[in-house]
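Notes follow the structure.
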Amino acid sequence: MAKFRKIGILTSGGDAPGMNAAVRAVAREAMHEGVQVVGIREGYQGLIEGNVFDMTTHDVSGIITHGGTVLYSSRSPMFMTDEGMKMALKTCEEHDIDAIVALGGDGTFRGATKLTHNGIPSIGIPCTIDNDITATEHTIGFDTAMNTVLSMVDALRETCESHKRCNVIEVMGRDCGLIALHTGLTTGALAIAIPEMPFDEDFAIGKLASARAQGKRGLIALASEGMKPVGDHKYSEYFAEQIEKRTGIETKFARCGHIIRGGAPTLRDRLIATAMGYAAVQELLAGKSNEVMCIIDGKIAPVEINYALILDRMYKGRLEDGDLDQFTQEQLASMKETCRIRRREIEYLYQMANSISF
Ligand code: F6P
């Protein structure tokens, strides 16, 4: 078992509900194993600036129920510079930090890899409401964000029903439509627009018009923020205008925005966060590093960070020259299979949504 004096924890990039549950699990498990814990505030920027404090079990008491991150977050371009890394390593030296658990998305994992290569073994935990980290089936925050969307859309449906209106609701997700797809399906939306699938606007508008013709009063459409804009209009706003213009149905537009990034994490997010935090410390103590904790086939599975990052680029069609050179044929086959599974899941759900919404 690797001997560590102190493990540092940081949260970086966009926050996600459940981050606190993961911070708590990392801290508690490290303390349980007799390792001291250092909280690093405001992500990698805090590591550069020495914004750190020794954590006690009391510091993580009661935080499992809260959204946001008690360690605060930031995006730190400086961390990727040589100067930034030098200052971060100095902080580690001054505070006896031997290893780091970094919570966040792909930028956070790149930082963890850099730290590992500079002698500070690091492990990543995937936190983002977008669920767009291809290596894992679930990221921390996805479930809570979707449940928040669910309550908002359910509420909007009630007022749409009263006033015989349509509402187009835009949800976050960056370039990924998974939040829109899952919440569209589970709120009974008549139309779902996501960047992963071709969106047949005429068909969707026709469906809304025909539902109205059959007497349906409240009409709901979900659109992902990742849809390509039309001129200088966000797609969701444009779509709402088109519905009203072409059908005469009074149509409102709502953007859920950052509200879905906050709030008390759901049971699922707390559980995933707890399991990943616990496993991250176990991995470090077993001498492992440069991994991201993933969920594969419903179980916690560590994946090498570089593999996870390149798999992500493969899935998103952003591979660069030489990206695949370092992998074996077996690894490449496994990456392709994961991409196929992810795409197939989306196609299946999308098709299901179209089949049963009329
Ligand atoms: O990645 C999480 C996310 O909330 C995305 O869904 C969204 O596109 C982006 O972050 C918003 O970023 P910011 O908090 O910088 O506005």
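The values are calculated or read from the model by the stated rules, or taken from the named source; none is laboratory data. Everything numeric here is computed off the predicted structure, so don't read it as measured data. Because the Cβ atoms are built from the backbone with ideal geometry, glycine has one as well, and the counts that use them run over all protein chains shown. Quick note on the areas: whole protein, heavy atoms, side chains included, nothing else; ligands and nucleic acids left out. Shrake-Rupley method; radii C 1.70, N 1.55, O 1.52, S 1.80 Å.
Side notes on the structure shown:
- Taking the longest Cα principal axis of the chain as reference, the axis of helix 305-315 is set at about 20 degrees.
- Within the accessible area of the chain, the carbon and sulfur atoms contribute 51%, probe 1.4 Å, all protein chains present.
- Placing +1 on each Lys and Arg Cβ and -1 on each Asp and Glu Cβ, with no other charges, gives the chain a dipole about its Cα centre of roughly 940 debye.
- Environment charge of SER236, counting only residues whose C-beta is closer than 11 Å and scoring Lys/Arg +1, Asp/Glu -1: -2
- Proximal lysines relative to LYS299, as straight alpha-carbon distance under 30 Å, when same-chain residues fewer than 8 apart are discounted: LYS3, LYS6, LYS114, LYS288, LYS316, LYS336
- Segment 151-302 - percent relative contact order, Cα under 8 Å, separation 6 or more: 26 percent
- Options THR81, VAL168, LEU311, ranked by Cα towards positive dipole end of the chain, top entry (Cβ charges): VAL168
- Think of a 1.4 Å ball rolled over the protein heavy atoms: segment 1-159 then has 38 Å² of accessible area per residue.
- Rounded if a/c under 1.5, otherwise prolate or oblate - segment 51-205, Cα gyration tensor axes: prolate
- Kirkwood radius and radius of gyration were both taken over the C-alpha atoms of the chain, and their ratio Rg/Rh is 1.03.
- Springs join every pair of Cα atoms under 10 Å in this Gaussian network model of the chain, and among ASP321, ASP96, ASP59 the largest mean-square fluctuation is at ASP321.
- As a rough guide to protection, the peptides 280-291, 75-86 ranked by mean Cβ packing within 10 Å, highest first, stand as 280-291, 75-86.
- Shape call, segment 247-358: gyration tensor on alpha carbons, a/c limit 1.5: oblate
- Anisotropy class of segment 4-86 from Cα gyration tensor, a/c 1.5 cut: oblate
- With Cα atoms defining each centre, segment 319-340 and segment 226-293 are spaced 27 Å apart in the structure.
- Degrees separating the helix 329-356 axis from the principal Cα axis of the chain, which is the longest one: 30 degrees
- Positive-pole candidate from HIS66, THR134, GLY287, dipole of the chain, charges at beta carbon: HIS66
- Highest average first, the peptides 346-358, 7-19 ordered by how many other beta carbon atoms sit within 10 Å of their residues are 7-19, 346-358.
- Rounded accessible area per residue of segment 238-329, 1.4 Å, Å²: 51 Å²
- In degrees, nearest ten, helix 235-247 long axis to first principal axis of the chain (Cα): 10 degrees
- A Gaussian network model of the chain, with springs between Cα atoms under 10 Å, assigns the largest mean-square fluctuation among THR108, THR91, THR69 to THR91.
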